[in-house]
Structure formats: C-alpha cells, structure tokens
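A short write-up of the structure that comes next.
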Amino acid sequence: MVDFDVVSLPETEHVAEGDTAPDFTRPLVDDEYWEDRALGEVVDGPTLLLFHPMDGAFQGTYLYNTVDDHGWADDLDVIGLSISTPYAHKRLLAERADGVRIFSDPGAGVIEEYGLAHDIDGMTGITESRPAVFLLDADRTVEFAWVASEHPDFPDAEALDDAVERLVD
Amino acid sequence: MTKPQITLYRLQACPFCERVVRTLNELGLEYRSRYVEPMHSERNVVKRVSGARSVPAIVDRETGVTMSESANIVEYLQGTYGEGGA
C-alpha cells in the first residue's frame with residue numbers, strides 16, 4: 001500500500017485463543033447511561049470484545065463502521081473498550097456502533113492485563129490500547145483472537161465475519 | 001457481583017444526588033449507580049423509569065417504589081429503612 005515500512009509493534013504476551021478472557025469491572029456505557037459492570041456478568045452468550053484506541057482516533061471509527069457494515073451487533077453482543085471517558089463513549093455511540101456497549105478504562109489497567117498496552121509517542125502519560133478483537137463464548141473462552149502487530153493495523157473483517165458465523169451457528 | 005435492590009440514577013457532581021448518596025450510606029443500603037448526561041434532553045432512560053427527566057431518581061425493587069426529588073427520596077429512605085421506619 002505504501003512504499004515504506006509501517007511501524008511494527010513489539011511482541012506482547014496478550015490474551016490468546018483458548019484462554020479465558022480475564023474478568024474485570026469498569027463503567028459500561030450504552031446509549032442511555034453508564035454503570036459499573038463486570039465482564040463476567042455481561043457475557044452470557046457469544047460476545048465480540050473489541051479493544052480500540054481512544055475515541056476520536058480514526059482506527060476506532062473504522063472499526064465501528066466495520067461492525068455496523070457487517071451487522072455483527074444483530075448476531076451477537078458487541079462490547080468495546082478504550083481509555084476514553086463515558087462522556088466520549090456516549091458521543092461515539094450517538095454517531096455509530098448501533099447496539100454496542102463500551103467499557104471505559106482510562107487508567108488502562110484492563111488493557112495492561114490483556115497485554116495490549118501501547119504508549120503513544122508524543123502523548124506523554126497516556127497508555128493506549130493497541131487494536132484487538134476477541135470472540136468469546138458464553139463462559140468467556142477466547143474462540144478467536146486478533147491483536148495488532150503494526151501501527152496502524154486493522155482486523156481482517158472477512159476472517160472475523162467467518163469466525164462470528166462459526167460461533168453463532 | 002450481587003445486584004442491589006436500589007438503583008440510583010444520578011449525574012456526576014450533582015449536589016442533590018450526593019445528598020441521596022449520603023443518606024444511602026448512612027443507612028448502610030446497597031445501591032447501584034447509573035450515570036446519565038448533563039443534557040436534560042439526553043435523559044430518556046430516567047423519563048422512562050420515573051416519568052420525569054430530573055435526577056436524582058431511585059428505583060427500589062424491594063418495595064416497588066420509584067421516586068424523584070432528593071427531599072422526597074431522603075424522606076422515603078429514612079422512613080422505610082431508618083430507625084423507627086416501617
């Protein structure tokens with residue numbers, strides 16, 4: 001696509017296929033309100049868990065446009081997470097990501113636990129999430145995992161679509 | 001996580017909401033907080049449960065009571081769960 005090397009991200013020990021997605025509690029935002037929720041309580045069937053860069057960055061915008069285009073929120077629960085505040089999530093949900101709920105993790109503690117931390121050059125003090133996608137079954141077993149290895153990087157929507165179909169059917 | 005019987009619809013840093021929280025804490029009552037937006041027009045969920053968009057509002061599944069206005073809520077909580085209450 002471009003005639004120079006895209007930045008590679010370092011190897012990371014991230015949550016992988018076959019693992020149980022670690023439980024956590026954070027404010028979970030929908031289009032009406034937010035409240036503390038535990039992932040373990042939210043996941044009660046096939047769930048698409050999306051980690052993305054802070055709201056407003058184009059990577060998150062693309063990701064949710066892809067979610068909307070494929071109608072994944074009609075097929076299974078779609079749950080996002082970023083370091084942005086609940087107020088920012090509300091603005092995002094007003095524009096896109098129909099039917100999606102998003103966790104707020106400003107301190108990046110969940111992001112660290114999932115092995116997805118990314119310190120952004122030129123934004124001192126901010127730890128971000130690298131983009132990552134986890135498909136979970138009802139007991140939070142990771143059936144499909146994708147974690148960005150370049151900056152920027154996007155999940156293969158067709159591969160994800162296939163994985164969603166396998167899990168839901 | 002256990003599900004508390006009382007849900008409090010609140011706005012961050014709203015003094016009337018904090019007043020209700022103080023009473024809940026004084027009475028040792030478990031509650032869950034649902035935060036809504038400062039913009040009045042964005043509070044449809046509160047309107048749906050309580051009939052008005054004002055916060056604080058509580059829903060008490062223990063008694064089936066839904067209520068707005070902090071003075072009313074404090075009076076209700078003390079009357080229901082305080083010493084000498086029902």
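Some notes on this structure:
- Restricting attention to segment A:18-61, the residues that are more than 14 Å from chain B (Cβ to nearest Cβ), more than 27 Å from residue B:40 (Cα to Cα) and either of a type in the set (A, V, I, L, M, F, W, C) or surrounded by fewer than 16 Cβ atoms within 10 Å (Cβ to Cβ) (or both) total 12.
- Figure legend. Inter-residue proximity from segment B:61-73: first residues touching a residue at least 24 places away in the same chain (Cβ under 8 Å), second residues in a strand (DSSP E or B), beta-carbon distance below 7 Å, spacing 6+ or different chains. Indicated pairs: B:73/B:58; B:73/B:67.
- A search for C-beta distances below 7 Å between a residue of segment A:80-102 that is farther than 16 Å from residue A:51 by Cα and among the basic types (Lys, Arg) and any residue that is modelled with pLDDT under 95 and outside any strand (DSSP E or B), counting only pairs 6+ apart in sequence or on different chains, returns A:90/B:37.
- Residues being crowded, with 19+ Cβ neighbours inside 10 Å and hydrophobic (A, V, I, L, M, F, W, C) - total across segment B:30-58: 5
- Every test in (1) of a type in the set (A, V, I, L, M); (2) under 16 Å from the mean Cα position of the chain (by Cα); (3) surrounded by fewer than 13 Cβ atoms within 10 Å (Cβ to Cβ) is passed by residue A:7 save one, and that test is (2).
- All positions within segment A:1-32 that are free of Cβ contacts under 8 Å to residues at least 40 places away in the same chain and either under 20 Å from residue A:103 (Cα atoms) or not acidic (Asp, Glu) (or both): A:1, A:2, A:4, A:10, A:25, A:32
- Matching option when the condition is over 13 Å from the mean Cα position of the chain (by Cα) and in contact (Cβ under 8 Å) with a residue 12 or more places away in the chain, among A:150, A:158: A:150
- Scan of segment A:71-86 for residues that are under 22 Å from residue A:169 (Cα atoms), more than 13 Å from the chain's Cα centre (by Cα) and crowded, with 16+ Cβ neighbours inside 10 Å, ordered by number: A:72, A:73, A:75, A:76
- Scanning segment A:62-94 for residues that are within 14 Å of chain B (Cβ to nearest Cβ) and of a type in the set (Val, Ile, Thr) gives a single hit, A:85.
- Residues of segment A:117-162 that are within 23 Å of residue A:39 (Cα to Cα) and exposed (fewer than 13 other Cβ atoms within 10 Å of the Cβ): A:138, A:139.
The values are calculated or read from the model by the stated rules, or taken from the named source; none is laboratory data. The structure displayed is predicted, hence computed values, not measured ones. Methodologically, a virtual Cβ is constructed for each residue, glycine included, from the backbone with ideal geometry; neighbour enumeration extends over all protein chains shown.
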